[in-house]
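Heads up: the structure comes next, in structure tokens.
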Amino acid sequence: MWAFLVFPLVFFIMPLGIGLLLIPSNNKAQVFITGLCASWSFYEILAILFHCTQWSLHVMTLIWLCICVGLAGVGYYSKRDAVVQWGQSFQCVQNRWELALWGLLIVLVFAQTLSMVLGAFYGNWDDSTYCSIATTSWYTDTANRYSPQSGEWGTVLYDGQYVLAAWPLLSASLAQLTGIHPAIIFRTLMPLVEVPLAYWILYLLARFFFVEERKKAVATVIVAVVINLITANQMGQNSAEWWLILNPWTGKAIASNIMVPMILWILFCMESVIGKLEHRNWWYTLFLACMASCFVAGTMFVLVPVELAIWGTFYLVRTRRWRDSLYFFACGVFPLVCLFVVYRMAIVSLFR
């Protein structure tokens with residue numbers, strides 16, 4: 001029962017309220033993404049702090065929840081007029097072909113999500129490590145201080161890649177809030193959020209190209225869902241599509257199917273805006289998205305700087321906004337610090 005209250009609170013109500021507090025309410029998608037990335041970034045900071053100090057996980061969970069609920073409450077109160085306008089401006093789909101496409105897309109996404117919830121299982125070392133971190137942290141009430149393989153007490157950053165990417169801890173915190181075992185949260189309930197969110201991000205990318213043609217954007221996502229299903233069925237090796245179909249709960253699946261496309265969408269929108277205030281707000285969103293990416297998976301320690309470097313180079317050449325190079329660097333600082341912490345010994349050896 002608590003899951004029906006906690007999941008909407010954590011993955012929708014809190015992010016939307018925090019986003020309303022942090023940026024103007026002109027772009028609903030930007031507001032939600034900003035709030036979601038902010039809540040994940042807060043969790044990442046607390047997870048590192050509580051891991052290093054050996055404090056209790058349940059205390060961290062309560063602090064994070066109180067901070068996010070408090071910020072969301074302030075956001076809803078301060079932008080209450082905007083929330084009312086959102087409700088009044090909502091329009092149902094009137095075009096029957098667009099309605100048919102939306103219906104088909106919802107059925108496909110629902111079917112894939114239901115498959116994850118009811119029948120999917122994938123077991124390998126990486127996936128087992130993620131799940132065991134959540135379970136061990138929940139049993140010991142610590143922020144990943146016991147090795148999930150041996151059960152022994154670990155030193156600070158005993159396994160930097162899995163400690164800094166604290167995504168499994170969120171399932172342990174949700175288990176504390178709902179009373180449901182973290183393994184069930186991690187592998188059974190989280191796909192209820194992850195799969196629809198991945199396709200919604202893809203829809204945002206499609207809408208960027210089909211601004212006035214929602215039918216084409218929806219059709220694009222339908223084609224992507226079908227391609228994902230075909231690819232996952234025919235391919236016997238790992239791929240981004242395969243992850244989304246079989247084990248969307250892992251950090252790598254979220255990194256490749258949610259965070260990388262999300263950052264790309266933010267970069268698209270950031271370059272297309274004209275006003276200075278809007279441009280600055282997109283930089284806030286990008287910074288939080290890059291930081292939240294490190295919370296999701298260790299692979300983002302590398303992918304975020306690479307994505308920013310490639311896009312930023314062409315961005316600076318096209319726009320001649322050379323000062324923005326400092327902003328790109330600021331957005332990539334946290335991933336680069338995490339990368340150095342994880343691979344510090346190898347990096348240091350290169351300069352000896």
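Worth pointing out:
- Residue in the stretch 59-79 that is under 17 Å from residue 138 (Cα atoms) and exposed (fewer than 14 other Cβ atoms within 10 Å of the Cβ) present: yes
- Among (1) farther than 18 Å from residue 33 by Cα; (2) polar (S, T, N, Q); (3) crowded, with 17+ Cβ neighbours inside 10 Å, the one test that residue 293 misses: (1)
- Only a single criterion out of (1) of a type outside the set (Lys, Arg); (2) touching a Pro at 6+ places or on another chain (Cβ under 7 Å); (3) without any contact (Cβ under 8 Å) to a residue 24 or more places away in the chain; (4) closer than 18 Å to residue 292 by Cβ is not satisfied by residue 136, namely (4).
- Subset of the stretch 155-177 that is in contact with a helix residue (DSSP H, G or I) (Cβ under 6 Å, 6 or more places away or on another chain) and more than 17 Å from residue 131 (Cα to Cα) - its residue that is surrounded by the most Cβ atoms within 10 Å (Cβ to Cβ): 177
- Residue count for the stretch 17-47, restricted to those that are surrounded by fewer than 21 Cβ atoms within 10 Å (Cβ to Cβ) and of a type in the set (Val, Ile, Thr): 1
Each value in this text was obtained by applying a stated rule to the coordinates, not by laboratory testing. All values reported here derive from a predicted model rather than from experimental measurement. Note that each Cβ is placed from the backbone with ideal geometry, even for glycine, and that neighbours are counted across all protein chains shown.
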